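In what follows, a single structure is set out as structure tokens and then discussed.
Quick note: the coordinates plus some simple rules give every number you see, no bench work behind them. This structure is a prediction, so every number in the text was calculated from the model and none was measured. For neighbour counting, all protein chains shown are included, and Cβ atoms are generated from backbone atoms with ideal geometry for every residue, glycine included.
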Ligand SMILES: NC(=O)c1ccc[n+]([C@@H]2O[C@H](COP(=O)([O-])OP(=O)(O)OC[C@H]3O[C@@H](n4cnc5c(N)ncnc54)[C@H](O)[C@@H]3O)[C@@H](O)[C@H]2O)c1
């Protein structure tokens, strides 16, 4: 770190993930958001000024267009990196890989996101599974939304000795809501061409011991992903044992059909009512009353808010890489408190 008691954080790419990461960083008492960089010159890059966040030009080729659009620029990416301890690259798929050389030359620690391959950093991160292995590294990759959910849930079963093999079907949202006028699918379902889909092998980049196979398809809606899982447990177990395993994770929230949470839109509405920024569901929302145990077989379904789930992981990855917190559980507790993760008491009678 460059000194002082707070971690100085830069965000490169102020889109769906970048703006949520920036807001979450600003909520952490032990972090300072130095600024955000982007190349866009429209309403999206006007937002940082409304929040008192400094905006930098990520690419000199776009700086003039940004200034011409009336955006006040605090400087270029080099200036942002020079003032920061760590940069969170939230640029679109595969652009971050091209930025890595600059980060390495500058000597700044960096985090990339799930659009990049594991090989870009050689380490893939999910806080509950492998926080400690990221300690002091120069870089990591916070895995994709789907992969984060898979590792969170399967790790919870693994920690309690309830995980044998895991087979999942992923119904993936077609595109993000803000850009759904620009693309997406209608009146069809689009299966991924290969089995396994990439998320299962990706989960193994965090935990190579997972026996996991995924299949995926795209569905014509934008709210969130929905997963169905079938698990072979090493032994017979009760439904309560399984629920206790999931309850032990602060990043899995058990929800109930019986509470009226019978679909993705209802859960999103509840997040809005909780006053969460961008209606964010940071947890995996798993239906406890739908969950079924049959001998040594376990079946369940859950919702993944693709725009939100990786945000707490990114905050923890910042503490791990900078070595600001050696204990993963302690970092997660701080992140959870700042973002309100796990504070989702729900209906009366909810265990
Ligand atoms: N959208 C999701 O649901 C989601 C979920 C989990 C992980 N991710 C991953 O997060 C990363 C970011 O995805 P996103 O959905 O936020 O993308 P996005 O397209 O919403 O945002 C990307 C931002 O980067 C900016 N940008 C483009 N080129 C740039 C450059 N050269 N330098 C700096 N900024 C540049 C764009 O203007 C935009 O504001 C990707 O790796 C993606 O796979 C996305």
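Assorted remarks:
- Burial ordering of 90, 145, fewest other beta-carbon atoms within 10 Å first: 145, 90
- Length gained on full extension, residue 330 to residue 133, computed as 0.36 nm times the residue gap minus the Cα-Cα distance: 69.4 nm.
- With contacts taken as Cα pairs under 8 Å at a separation of at least 6 residues, the chain carries a relative contact order of 17 percent.
- Extension gain for residue 232-residue 179 works out to 15.2 nm (0.36 nm per residue, less the C-alpha to C-alpha distance).
- For the range 124-194 versus the range 224-297, the spacing of their alpha-carbon centroids is 15 Å.
- Shape call, the range 251-336: gyration tensor on alpha carbons, a/c limit 1.5: oblate
- Summarising the label geometry, the points placed 7 Å from Cα in the beta-carbon direction at residue 198 and residue 248 lie 3.3 nm from one another.
- Full-extension gain in nm, residue 94 to residue 269, via 0.36 nm per residue minus C-alpha separation: 59.7 nm
- Ranking of 46, 173 by count of other Cβ atoms within 10 Å, fewest first: 46, 173
- The angle between the Cα long axis of helix 95-106 and the longest principal axis of the Cα atoms of the chain comes to about 60 degrees, rounded to the nearest 10.
- For the chain, a Gaussian network of Cα nodes joined below 10 Å ranks 111, 17, 185 by mean-square fluctuation, and the top entry is 185.
- Amide N proximity, the range 5-24 versus residue 101 label position 7 Å along Cα-to-Cβ, cut-off under 15 Å: none
- The range 11-93 shape via C-alpha gyration tensor axes, a/c threshold 1.5: prolate
- Taking 150, 53 and counting other C-beta atoms within 10 Å, the order from fewest to most: 53, 150
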